[in-house]
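Here the structure comes first, spelled out in structure tokens, and everything after it is commentary.
The values are calculated or read from the model by the stated rules, or taken from the named source; none is laboratory data. None of the values given here were measured: they were computed from a predicted structure. Cβ atoms come from the backbone with ideal geometry, glycine included; neighbour counts cover every protein chain shown. Surface areas here come from the heavy atoms of the whole protein model, side chains and all, with no ligands, DNA or RNA. Shrake-Rupley method; radii C 1.70, N 1.55, O 1.52, S 1.80 Å.
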Amino acid sequence: MESFRGRFTNKIDAKGRISVPAKFRTVANAQGRNGIVCFPSIQGDFLEGCGPAFSDTIDEMLNKLDPFSRERDALAAILLGDSVELMFDADGRIVLPEELRHHAKIKDEATFVGLGEKFQIWEPKAFEAFRSDAVERARANGGLLRSPFAIGPNGGGQ
């Protein structure tokens, strides 16, 4: 399956239009949508984005929670209530709504960061600050990654 990969910084015009990276458009189109879903991150001042496949995963995760719990309602209010479907225009652009730009403090440029089944959209300088910390955390947590083909300590698979 196609996945969102790479990092791209693009300009935003006066109307709030920004070109979505061609690789990201290809992933969304392969999932049957000529657009993306975006919502404010619950983890910080950036945006989360995805195609329909991960949007369905979010629905599945929320559906596992008690439908009348305050926790589910809080998560759904952001992940669903604040989400927007943004369709690509003929030039591969979307209009990034002011509310989302305000949440991520995005002004004239935005950085798209692929994360596999989803991606993030950052204000470029904020992403660089995050990335510096992420490099250190990735180095510290590299041992969490295990190859499915690795040979275990007793000679067998893990």
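The set of residues from the range 1-26 being among the β-branched types (Val, Ile, Thr) and over 15 Å from Glu48 (Cα atoms) comprises Thr9, Ile12, Ile18, Thr26. Among strands (runs of 3 or more DSSP E) entirely within the range 49-158, having at least 1 residues that are open to solvent by less than 80 Å² (accessible area, probe 1.4 Å) and closer than 16 Å to Lys11 by Cα singles out 93-95, 109-114, 118-122.
The C-beta contact set for the range 30-42 (first residue open to solvent by 10 Å² or more (accessible area, probe 1.4 Å), second residue of a type in the set (Phe, Trp, Tyr), distance under 7 angstrom, 6+ apart or interchain) comprises Asn34/Phe88. Look at the range 87-102: where a residue is on the phi < 0 side of the Ramachandran plot and a partner is assigned to a loop (DSSP other than H, G, I, E, B) and of a type in the set (Phe, Trp, Tyr), sitting 6+ places away or on another chain with Cβ atoms under 8 Å, you get Ile94/Phe88. Can you pull out every residue in the range 17-38 that is under 17 Å from Val84 (Cα atoms), of a type in the set (A, V, I, L, M, F, W, C) and over 15 Å from the mean Cα position of the chain (by Cα)? Ile18, the sole residue that qualifies.
Take the range 1-16 and flag every residue that is touching a residue at least 60 places away in the same chain (Cβ under 8 Å), in a loop (DSSP other than H, G, I, E, B) and over 14 Å from the mean Cα position of the chain (by Cα).
Hits for the range 1-16 are Lys15, Gly16.
Pairing each residue of the range 52-74 that is on the phi < 0 side of the Ramachandran plot and among the aromatic types (Phe, Trp, Tyr) with any residue that is open to solvent by 40 Å² or more (accessible area, probe 1.4 Å) and modelled with pLDDT of 95 or more, provided the two are 6+ apart or on different chains, yields C-beta distances under 9 Å for Phe54/Gln31; Phe54/Glu117; Phe54/Lys118.
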